[in-house]
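Worksheet: the structure to be examined is printed underneath.
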Amino acid sequence: MKSFILIISFALMTASCGSQVYLDPATLGSVVEKKEFDFNATKAFPTNYDVINVMNSMPNSTGTRILNLDPGYGFNLKKDLFSVALPYFGRAFTVNPGDANNGGIRFESKEFSIKQSTSKKGKTLFVITPRDQRENYVFNLEILKNGSAFLSINSNNRQPISFDGNISSPK
């Protein structure tokens, strides 16, 4: 009887270890081909060690440099509009006095370029560069087959930051 319970519990544990599928492959292929999708950020990875040290000094800190994000952060990509609403944790090298309320990376761009490539393992890579913003941003997005994605943002005015999340159909 013990071995039967052990086998059943082992089977249930291994079944729960599978990778999560965020978007079915047909829908994912369709939205990626159209270049119209939403990126929903779930975790932020700041690179500034001042931010990481503050995070580690907080009570009940996990000691990692990962910040779990509330829903609502991400970007929306359409043929004619690139709308971004992401938090920022790090150092900005210059700050405009009029932008005191704009602490994150928030903008809408109508002039942007998209470069798309596919790796040998089936990952889709996007490089999105807005051309009508004061800061020069470069968004590097890596989309996996299951719909999860990794975003890295570089700027001429801020330290780099990365996000983990998933891809969904545009709303």
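Here, each number is a calculation from the coordinates, and none is a lab measurement. Given the structure is predicted, the values throughout are model-derived calculations rather than measurements. Glycine also receives a Cβ, built like all others from the backbone with ideal geometry; neighbour counts cover every protein chain displayed.
Numbers at a glance
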{"item": "Matching residues, segment 105-161, being in a strand (DSSP E or B), of a type in the set (Ser, Thr, Tyr) and exposed (fewer than 15 other Cβ atoms within 10 Å of the Cβ)", "result": "SER113, SER117, THR118"}
{"item": "Among residues of segment 116-164, those that are touching a strand residue (DSSP E or B) at 6+ places or on another chain (Cβ under 7 Å) and at positive phi, counted", "result": "1"}
{"item": "Leading residue by the ranking (surrounded by the fewest Cβ atoms within 10 Å (Cβ to Cβ)) among those in segment 77-88 that are among the hydrophobic types (A, V, I, L, M, F, W, C) and touching a Ser or Thr at 6+ places or on another chain (Cβ under 9 Å)", "result": "LEU81"}
